[in-house]
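Comments concern the structure below.
The values are calculated or read from the model by the stated rules, or taken from the named source; none is laboratory data. Please read all numbers here as calculations on a predicted model, not as lab measurements. Cβ atoms come from the backbone with ideal geometry, glycine included; neighbour counts cover every protein chain shown.
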């Protein structure tokens, strides 16, 4: 599983830039909403990366057994 990162740049003019890395699909928009809340910021420009159009692969293991002691 790829490491998920949120990269934030603070620019000298007071603007902030945020980029998600390792977050595929529409889940990246959840990070944008969280950033807006935490930074009390308004989004002025949004660019979607190629990861937005990819599906995140979820791995399931049907052979997992519940073991109680």
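For the reader, a short list of remarks on this structure follows.
- Selection within the range 1-44 - closer than 15 Å to residue 56 by Cα, assigned to a loop (DSSP other than H, G, I, E, B) and free of Cβ contacts under 8 Å to residues at least 40 places away in the same chain: 2, 3, 4, 22, 23, 24
- Residue match in the range 56-65 (condition: assigned to a loop (DSSP other than H, G, I, E, B), at pLDDT 90 or above and loosely packed, with under 11 Cβ neighbours inside 10 Å): no
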